[in-house]
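So the structure is just underneath, and the comments pick up after that.
The values are calculated or read from the model by the stated rules, or taken from the named source; none is laboratory data. Predicted model only: the values in this text are computed from it and were never measured. Cβ placement follows ideal geometry from the backbone for every residue including glycine, while neighbour counts extend to all protein chains displayed.
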Amino acid sequence: MNQITEVTRRDIIDILVNGFTHTVFVDKPHPDFFNYIESEDYDVKIDYWGRLDEITFLKRLYPLNQLPSFDSRFKDAEGDIWQHTVNNDDYGLGWVFDDDRFHLSSGNDDKYLLDFLCEILHPAVRDDKKNWRALLEILNELLQPDGYSINPVANISGRDIYGWKNLRIGEKVVTGQIDNIKNAFNSDYVTVQVDLMYSLIHIAPNSAIGKAKELIEICCKTILDEQNIQYDSGLDLIQLMKVACESIGLSPKKLKDGVTGQSIAARILGNLGNIAQGMAELRNLYGDGHGKNKSFQPLPPRYAHLAVGSSVAAVHFMWDTYQERIGISEV
(Lines give C-alpha, C1' and ligand atoms only; values in the text may rest on other atoms or scores of the structure.)
Protein backbone atom coordinates (compact mmCIF):
# COMPACT_ATOMS: atom_id res chain seq x y z
CA MET A 1 0.00 0.00 0.00
CA ASN A 2 1.80 3.10 -1.23
CA GLN A 3 -0.50 5.98 -2.18
CA ILE A 4 1.37 8.81 -0.47
CA THR A 5 3.50 10.55 -3.08
CA GLU A 6 7.08 11.64 -2.65
CA VAL A 7 5.90 15.26 -2.75
CA THR A 8 3.41 14.75 0.08
CA ARG A 9 5.99 12.91 2.21
CA ARG A 10 8.44 15.74 1.69
CA ASP A 11 5.90 18.37 2.72
CA ILE A 12 4.78 16.43 5.80
CA ILE A 13 8.34 15.88 6.97
CA ASP A 14 9.14 19.54 6.36
CA ILE A 15 6.35 20.79 8.63
CA LEU A 16 7.29 18.28 11.34
CA VAL A 17 10.94 19.34 11.26
CA ASN A 18 10.70 23.06 10.53
CA GLY A 19 7.15 23.99 11.51
CA PHE A 20 4.58 25.77 9.37
CA THR A 21 2.48 28.90 9.08
CA HIS A 22 -1.13 28.48 10.18
CA THR A 23 -3.72 30.84 8.70
CA VAL A 24 -6.83 31.59 10.74
CA PHE A 25 -9.87 33.16 9.08
CA VAL A 26 -11.72 35.48 11.45
CA ASP A 27 -15.15 37.05 10.97
CA LYS A 28 -14.74 40.79 11.47
CA PRO A 29 -17.74 43.08 12.07
CA HIS A 30 -18.16 46.17 9.91
CA PRO A 31 -20.30 49.07 11.13
CA ASP A 32 -21.76 49.85 7.70
CA PHE A 33 -21.58 46.62 5.71
CA PHE A 34 -21.76 42.85 6.10
CA ASN A 35 -19.17 41.09 8.22
CA TYR A 36 -15.97 40.37 6.34
CA ILE A 37 -13.30 37.68 6.55
CA GLU A 38 -9.76 38.62 7.61
CA SER A 39 -6.83 36.21 7.68
CA GLU A 40 -4.23 36.08 10.45
CA ASP A 41 -1.00 34.06 10.19
CA TYR A 42 0.71 32.24 13.06
CA ASP A 43 3.98 30.29 13.09
CA VAL A 44 3.52 26.80 14.56
CA LYS A 45 6.33 24.42 15.61
CA ILE A 46 5.45 21.16 17.34
CA ASP A 47 7.96 18.51 18.40
CA TYR A 48 6.66 15.17 17.15
CA TRP A 49 7.40 13.47 20.48
CA GLY A 50 5.21 15.98 22.32
CA ARG A 51 5.36 15.68 26.10
CA LEU A 52 7.63 12.61 25.87
CA ASP A 53 11.24 12.22 24.74
CA GLU A 54 12.17 10.79 21.34
CA ILE A 55 13.05 7.30 22.57
CA THR A 56 9.89 6.91 24.65
CA PHE A 57 7.81 8.08 21.70
CA LEU A 58 9.48 5.72 19.22
CA LYS A 59 9.06 2.76 21.58
CA ARG A 60 5.30 3.26 21.35
CA LEU A 61 5.56 2.40 17.65
CA TYR A 62 8.69 0.29 17.16
CA PRO A 63 10.43 -2.53 19.09
CA LEU A 64 13.68 -0.60 19.42
CA ASN A 65 15.34 -3.45 21.30
CA GLN A 66 14.80 -5.67 18.26
CA LEU A 67 15.95 -3.22 15.59
CA PRO A 68 19.64 -3.17 14.56
CA SER A 69 22.13 -0.63 15.84
CA PHE A 70 24.13 1.54 13.45
CA ASP A 71 26.74 1.98 16.20
CA SER A 72 28.85 -1.12 16.82
CA ARG A 73 29.12 -0.25 20.51
CA PHE A 74 25.43 -0.99 21.04
CA LYS A 75 23.44 -4.15 20.42
CA ASP A 76 20.17 -2.55 19.34
CA ALA A 77 18.55 0.64 18.05
CA GLU A 78 17.56 1.86 21.51
CA GLY A 79 21.15 2.07 22.72
CA ASP A 80 22.27 3.57 19.43
CA ILE A 81 19.59 6.29 19.54
CA TRP A 82 20.26 7.09 23.20
CA GLN A 83 23.96 7.56 22.47
CA HIS A 84 23.37 9.94 19.58
CA THR A 85 20.32 11.89 20.77
CA VAL A 86 20.83 12.06 24.55
CA ASN A 87 24.43 11.33 25.48
CA ASN A 88 26.08 13.11 22.55
CA ASP A 89 23.11 14.61 20.73
CA ASP A 90 24.94 14.49 17.42
CA TYR A 91 22.08 13.22 15.24
CA GLY A 92 20.79 16.04 13.08
CA LEU A 93 17.38 17.67 13.34
CA GLY A 94 14.75 15.36 11.88
CA TRP A 95 17.14 12.40 11.78
CA VAL A 96 14.32 9.91 12.35
CA PHE A 97 12.80 10.64 8.94
CA ASP A 98 16.02 9.71 7.15
CA ASP A 99 16.55 6.55 9.21
CA ASP A 100 15.64 3.50 7.10
CA ARG A 101 14.74 1.51 10.20
CA PHE A 102 11.53 3.51 10.55
CA HIS A 103 10.32 3.56 6.91
CA LEU A 104 9.06 7.14 7.08
CA SER A 105 10.56 8.92 4.08
CA SER A 106 10.42 5.95 1.71
CA GLY A 107 9.19 2.40 1.51
CA ASN A 108 6.28 0.50 0.06
CA ASP A 109 3.86 0.80 2.96
CA ASP A 110 2.14 4.05 3.91
CA LYS A 111 1.14 2.50 7.24
CA TYR A 112 4.43 3.45 8.90
CA LEU A 113 4.07 7.17 8.23
CA LEU A 114 0.33 7.23 8.94
CA ASP A 115 0.73 5.42 12.26
CA PHE A 116 3.54 7.83 13.14
CA LEU A 117 1.34 10.86 12.45
CA CYS A 118 -1.58 9.48 14.46
CA GLU A 119 0.71 8.77 17.40
CA ILE A 120 1.85 12.40 17.41
CA LEU A 121 -1.79 13.33 18.03
CA HIS A 122 -2.40 10.77 20.79
CA PRO A 123 -3.58 12.35 24.09
CA ALA A 124 -0.73 10.65 25.95
CA VAL A 125 1.79 12.25 23.58
CA ARG A 126 0.55 15.60 22.35
CA ASP A 127 1.09 18.77 24.31
CA ASP A 128 -2.34 20.36 24.63
CA LYS A 129 -0.69 23.72 25.25
CA LYS A 130 0.54 23.65 21.64
CA ASN A 131 -1.68 24.18 18.60
CA TRP A 132 -1.88 20.50 17.65
CA ARG A 133 -5.26 21.04 15.99
CA ALA A 134 -3.56 23.24 13.41
CA LEU A 135 -1.14 20.36 12.77
CA LEU A 136 -4.07 17.97 12.32
CA GLU A 137 -5.67 20.38 9.87
CA ILE A 138 -2.60 20.78 7.68
CA LEU A 139 -1.84 17.03 7.76
CA ASN A 140 -5.32 16.30 6.45
CA GLU A 141 -4.94 18.95 3.77
CA LEU A 142 -1.77 17.21 2.59
CA LEU A 143 -3.06 13.64 2.90
CA GLN A 144 -6.52 13.98 1.36
CA PRO A 145 -5.36 14.36 -2.27
CA ASP A 146 -3.52 11.04 -1.82
CA GLY A 147 -6.63 9.35 -0.49
CA TYR A 148 -6.15 9.39 3.29
CA SER A 149 -7.53 11.26 6.27
CA ILE A 150 -6.85 11.32 10.00
CA ASN A 151 -9.99 11.17 12.15
CA PRO A 152 -11.09 10.50 15.74
CA VAL A 153 -11.55 6.76 16.28
CA ALA A 154 -11.80 6.49 20.08
CA ASN A 155 -11.81 8.55 23.23
CA ILE A 156 -9.86 8.51 26.46
CA SER A 157 -10.62 10.79 29.41
CA GLY A 158 -12.70 12.99 27.14
CA ARG A 159 -9.92 13.41 24.57
CA ASP A 160 -9.90 12.09 21.03
CA ILE A 161 -7.60 9.30 19.88
CA TYR A 162 -6.88 9.52 16.16
CA GLY A 163 -6.55 6.89 13.47
CA TRP A 164 -6.18 6.98 9.70
CA LYS A 165 -8.38 5.65 6.94
CA ASN A 166 -8.59 5.42 3.18
CA LEU A 167 -11.05 7.97 1.89
CA ARG A 168 -14.21 6.45 0.52
CA ILE A 169 -15.01 7.01 -3.15
CA GLY A 170 -17.84 9.29 -2.13
CA GLU A 171 -15.47 11.56 -0.24
CA LYS A 172 -13.18 11.78 -3.26
CA VAL A 173 -16.19 12.76 -5.37
CA VAL A 174 -17.10 15.49 -2.87
CA THR A 175 -13.53 16.80 -2.96
CA GLY A 176 -13.69 16.96 -6.77
CA GLN A 177 -17.05 18.71 -6.66
CA ILE A 178 -15.69 21.26 -4.20
CA ASP A 179 -12.88 22.14 -6.62
CA ASN A 180 -15.45 22.52 -9.41
CA ILE A 181 -17.58 24.82 -7.27
CA LYS A 182 -14.61 27.08 -6.46
CA ASN A 183 -13.76 27.32 -10.15
CA ALA A 184 -17.37 27.94 -11.16
CA PHE A 185 -18.05 30.83 -8.79
CA ASN A 186 -14.60 32.34 -9.38
CA SER A 187 -14.80 34.30 -6.14
CA ASP A 188 -12.11 34.71 -3.50
CA TYR A 189 -14.82 34.85 -0.84
CA VAL A 190 -16.42 31.58 -1.99
CA THR A 191 -13.02 29.89 -2.23
CA VAL A 192 -12.20 30.89 1.35
CA GLN A 193 -15.61 29.74 2.61
CA VAL A 194 -15.43 26.37 0.82
CA ASP A 195 -11.88 25.64 2.01
CA LEU A 196 -12.83 26.69 5.52
CA MET A 197 -15.96 24.51 5.48
CA TYR A 198 -14.08 21.40 4.42
CA SER A 199 -11.18 21.95 6.82
CA LEU A 200 -13.57 22.36 9.77
CA ILE A 201 -15.30 18.98 9.38
CA HIS A 202 -13.07 17.18 11.86
CA ILE A 203 -11.79 20.01 14.05
CA ALA A 204 -15.03 22.04 14.39
CA PRO A 205 -18.03 20.09 13.00
CA ASN A 206 -20.55 22.68 14.20
CA SER A 207 -18.82 25.45 12.25
CA ALA A 208 -18.64 23.24 9.15
CA ILE A 209 -22.44 22.83 9.30
CA GLY A 210 -22.86 26.59 9.37
CA LYS A 211 -20.58 27.02 6.36
CA ALA A 212 -22.48 24.28 4.47
CA LYS A 213 -25.71 26.24 4.88
CA GLU A 214 -24.00 29.45 3.75
CA LEU A 215 -22.73 27.71 0.60
CA ILE A 216 -26.29 26.86 -0.46
CA GLU A 217 -27.36 30.45 0.24
CA ILE A 218 -24.50 31.82 -1.88
CA CYS A 219 -25.41 29.50 -4.76
CA CYS A 220 -29.12 30.39 -4.67
CA LYS A 221 -28.49 34.14 -4.52
CA THR A 222 -25.91 33.98 -7.31
CA ILE A 223 -28.30 32.08 -9.59
CA LEU A 224 -31.06 34.62 -8.95
CA ASP A 225 -28.79 37.67 -9.22
CA GLU A 226 -27.33 36.54 -12.55
CA GLN A 227 -30.85 36.19 -13.93
CA ASN A 228 -31.82 39.62 -12.55
CA ILE A 229 -34.61 38.01 -10.55
CA GLN A 230 -35.77 40.06 -7.59
CA TYR A 231 -36.26 38.27 -4.27
CA ASP A 232 -37.00 39.23 -0.70
CA SER A 233 -33.76 39.53 1.28
CA GLY A 234 -35.64 38.20 4.29
CA LEU A 235 -36.31 34.78 2.75
CA ASP A 236 -35.13 31.86 4.85
CA LEU A 237 -33.00 29.13 3.27
CA ILE A 238 -35.94 26.88 2.39
CA GLN A 239 -37.84 29.68 0.66
CA LEU A 240 -34.70 30.97 -1.06
CA MET A 241 -33.84 27.55 -2.44
CA LYS A 242 -37.41 27.06 -3.70
CA VAL A 243 -37.29 30.35 -5.62
CA ALA A 244 -33.85 29.58 -7.07
CA CYS A 245 -34.81 26.05 -8.11
CA GLU A 246 -38.02 27.20 -9.79
CA SER A 247 -36.06 29.84 -11.70
CA ILE A 248 -33.98 27.14 -13.40
CA GLY A 249 -36.74 24.58 -13.86
CA LEU A 250 -35.83 22.40 -10.90
CA SER A 251 -39.37 21.99 -9.67
CA PRO A 252 -41.56 18.87 -9.67
CA LYS A 253 -44.37 21.07 -11.03
CA LYS A 254 -42.35 21.86 -14.17
CA LEU A 255 -41.79 18.25 -15.21
CA LYS A 256 -43.63 17.41 -18.41
CA ASP A 257 -46.50 14.95 -18.13
CA GLY A 258 -45.78 11.52 -19.53
CA VAL A 259 -42.01 11.75 -19.15
CA THR A 260 -40.54 8.35 -18.29
CA GLY A 261 -39.59 8.22 -14.63
CA GLN A 262 -41.49 11.43 -13.90
CA SER A 263 -42.47 10.39 -10.37
CA ILE A 264 -38.89 9.40 -9.55
CA ALA A 265 -37.51 12.68 -10.89
CA ALA A 266 -40.13 14.58 -8.91
CA ARG A 267 -39.06 12.89 -5.69
CA ILE A 268 -35.40 13.69 -6.38
CA LEU A 269 -36.19 17.35 -7.03
CA GLY A 270 -38.36 17.45 -3.93
CA ASN A 271 -35.40 16.19 -1.93
CA LEU A 272 -33.47 19.34 -2.81
CA GLY A 273 -35.91 21.18 -0.59
CA ASN A 274 -35.43 18.58 2.12
CA ILE A 275 -31.68 19.23 2.03
CA ALA A 276 -32.32 22.92 2.60
CA GLN A 277 -34.73 22.21 5.44
CA GLY A 278 -32.37 19.74 7.11
CA MET A 279 -29.46 22.14 6.73
CA ALA A 280 -31.44 24.96 8.32
CA GLU A 281 -32.47 22.75 11.25
CA LEU A 282 -28.92 21.49 11.81
CA ARG A 283 -27.63 25.05 11.63
CA ASN A 284 -30.14 26.20 14.26
CA LEU A 285 -29.37 23.32 16.61
CA TYR A 286 -25.65 22.81 16.15
CA GLY A 287 -24.20 25.55 13.94
CA ASP A 288 -21.82 28.20 15.21
CA GLY A 289 -24.17 31.11 14.64
CA HIS A 290 -26.09 30.83 17.93
CA GLY A 291 -25.07 30.95 21.58
CA LYS A 292 -24.85 27.61 23.40
CA ASN A 293 -25.17 26.77 27.08
CA LYS A 294 -22.46 24.97 29.01
CA SER A 295 -24.13 21.56 28.60
CA PHE A 296 -24.10 21.78 24.79
CA GLN A 297 -22.71 18.66 23.11
CA PRO A 298 -21.40 19.11 19.55
CA LEU A 299 -22.22 16.71 16.74
CA PRO A 300 -19.67 14.05 15.77
CA PRO A 301 -17.70 14.82 12.58
CA ARG A 302 -19.67 12.25 10.55
CA TYR A 303 -22.72 14.54 10.70
CA ALA A 304 -20.66 17.44 9.43
CA HIS A 305 -19.49 15.15 6.61
CA LEU A 306 -23.13 14.48 5.76
CA ALA A 307 -24.04 18.16 5.88
CA VAL A 308 -21.07 19.23 3.76
CA GLY A 309 -21.56 16.39 1.27
CA SER A 310 -25.27 17.17 0.90
CA SER A 311 -24.61 20.88 0.50
CA VAL A 312 -21.89 20.34 -2.10
CA ALA A 313 -24.00 17.84 -4.07
CA ALA A 314 -27.01 20.17 -4.09
CA VAL A 315 -24.97 23.22 -5.12
CA HIS A 316 -23.14 21.25 -7.81
CA PHE A 317 -26.44 19.99 -9.26
CA MET A 318 -28.13 23.40 -9.17
CA TRP A 319 -25.17 25.22 -10.69
CA ASP A 320 -24.75 22.65 -13.47
CA THR A 321 -28.46 22.97 -14.26
CA TYR A 322 -28.23 26.75 -14.34
CA GLN A 323 -25.22 26.62 -16.67
CA GLU A 324 -27.04 24.25 -19.03
CA ARG A 325 -30.06 26.53 -19.14
CA ILE A 326 -28.21 29.68 -20.13
CA GLY A 327 -29.69 30.62 -23.51
CA ILE A 328 -31.94 27.54 -23.55
CA SER A 329 -35.68 27.71 -22.94
CA GLU A 330 -36.11 24.11 -21.72
CA VAL A 331 -33.82 21.38 -20.42
- Message: Out of everything in region 204-232 that is assigned to a loop (DSSP other than H, G, I, E, B), in contact with a helix residue (DSSP H, G or I) (Cβ under 9 Å, 6 or more places away or on another chain) and of a type outside the set (D, E), what residue ends up being surrounded by the fewest Cβ atoms within 10 Å (Cβ to Cβ)?
- Response: Q230
- Item | Top-ranked residue of region 92-102 - restricted to ones that are surrounded by fewer than 17 Cβ atoms within 10 Å (Cβ to Cβ) and free of Cβ contacts under 8 Å to residues at least 60 places away in the same chain, ranked as farthest from V153 (Cα to Cα) | G92
- Query: Being modelled with pLDDT of 85 or more and either touching a Gly at 6+ places or on another chain (Cβ under 8 Å) or under 16 Å from F102 (Cβ atoms) (or both), is that true of even one residue in region 36-44?
  - Reply: yes
- Item | Single residue of I138, I156 found to be aliphatic (A, V, I, L, M), buried (at least 17 other Cβ atoms within 10 Å of the Cβ) and either touching a Lys or Arg at 6+ places or on another chain (Cβ under 8 Å) or at pLDDT 70 or above (or both) | I138
- Flag for V174 being buried (at least 19 other Cβ atoms within 10 Å of the Cβ), at pLDDT below 70 and in a helix (DSSP H, G or I): yes
- Residue tally, condition within 19 Å of L16 (Cα to Cα) and of a type in the set (D, E, K, R), over region 59-88: 2
- Note on the structure: Expected output for region 210-227 (first residue among the hydrophobic types (A, V, I, L, M, F, W, C), partner not in a helix (DSSP H, G or I), Cβ below 7 Å, 6+ apart or cross-chain) is I223/I248; L224/Y231
